[in-house]
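Contents: one structure, followed by commentary.
The values are calculated or read from the model by the stated rules, or taken from the named source; none is laboratory data. Note that the structure is predicted; figures quoted are calculated from it, not measured. Don't worry about glycine lacking a Cβ; one is built from the backbone with ideal geometry, like all the others, and counts go over all protein chains shown. The accessibility values were calculated without ligands, DNA or RNA, using every heavy atom of the protein model including side chains. Shrake-Rupley method; radii C 1.70, N 1.55, O 1.52, S 1.80 Å.
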Amino acid sequence: MIQVKEAIIVEGKYDKIRLSNFIDGLIITTDGFGIFKDKEKQRLIRRLAETRGILVLTDSDGAGFVIRRFLKGSVPPDRVKHAYIPDIFGKEKRKDKPSAEGKLGVEGIPDEIIARAIAASGAHCSVQNTNVRTQKPITKADMYALGLSGTPDAAQMREALKKELDLPQRMTANAMADVLGCIMTLPELEEVCRKIRDREGNV
């Protein structure tokens, strides 16, 4: 596994699934051009850029570069790195035909080529068995202890927390744990949850 400190931004869910096979790190999708209108996800990406930096890894076709330019203009230049995959022509296994430009997307590129692209980007990465996080990750047990999962009012509490931290409303509990671990420490999360409960009573 390659451990990457920066949050990796890819285009779609198949890219994320592909990278998750050999990347240990936070991977966020733009949902293609959906990022252009998704203000919540834009704010999340900016926050991740501030706290740990982002690494943009899009397809090498025209659409990929449009998304890349959009992200580049959304965060401070010193908080974004870029990994570029080469133009390799072919078709992904799950597709009936090649893309419009005939190039493989991230999901179809061999592991070693993606690994080289990430290394060349200047991202903080390692193949050692060390944790790249600068703080202790927030676990499922932590989420349960804070009433954010496994309790009758967990869903309501998560919704209140999303509003408090300005996180995307469609974010799942598991995704929330990963993101929370990147933007705050456990004591900070405990304090936010305490304030929410004090303010909203039964939540």
Tell me, what HN-Hα J-couplings in whole Hz come from the Karplus equation 6.51 cos²θ - 1.76 cosθ + 1.60 at θ = phi - 60° for each residue of the range 64-80, using x for Gly and Pro?
x, 6, 5, 5, 4, 5, 4, 5, 4, x, 9, 10, x, x, 7, 10, 10
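Rounded, prolate or oblate: which fits the range 137-184 when a ≥ b ≥ c are the square roots of the eigenvalues of the alpha-carbon gyration tensor, with rounded for a/c under 1.5 and prolate only if a/b beats b/c?
oblate
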So which residue, out of 58, 30, 172, gets the largest mean-square fluctuation from a GNM of the chain using Cα contacts under 10 Å as springs?
172
The alpha-carbon center of the range 65-129 and that of the range 141-201 are separated, in whole Å, by 32 Å
Can you give the angle from 0 to 90° between the axis of helix 186-200 and the longest principal axis of the chain, with both taken from C-alpha atoms, to the nearest 10?
50 degrees
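By how many nm would the segment from residue 96 to residue 24 grow when fully extended, if each residue of separation counts as 0.36 nm and the alpha-carbon distance is taken off? Intermediate results must be reported in sequence, preceding the final value.
On the way: separation 72, 0.36 × 72 = 25.92 nm, distance 3.03 nm.
The residue 96-residue 24 span can extend by a further 22.9 nm.
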Rounded percent of accessible protein surface that carbon and sulfur make up, the range 9-68, 1.4 Å probe:
52 percent
Using a Gaussian network for the chain with springs between C-alpha atoms less than 10 Å apart, which of these wobbles most: 56, 192, 75?
192
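With all protein chains present and a 1.4 Å probe, how do 82, 124 order by accessible area, largest first? Mind dumping the intermediate values first?
Numbers: 82 35, 124 105 Å².
Listed by decreasing accessible area, they come as 124, 82.
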Of 5/93; 37/163; 5/39; 16/91, which pairs sit farther than 26 Å apart, going by alpha carbon to alpha carbon?
5/93
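Using a 1.4 Å probe, what is the accessible area per residue for the chain, in Å²?
Values: 10630 Å² over 203 residues.
Per residue, the chain has an accessible area of 52 Å².
Report the net charge of residues surrounding residue 195, where surrounding means a beta-carbon distance below 12 angstrom and charges are Lys +1, Arg +1, Asp -1, Glu -1.
-3
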Please name which of 75, 62, 102 has its Cα lying farthest along the dipole of the range 46-103 towards the positive end, using unit charges on Cβ (Lys, Arg +1; Asp, Glu -1) and the Cα centre as origin.
75
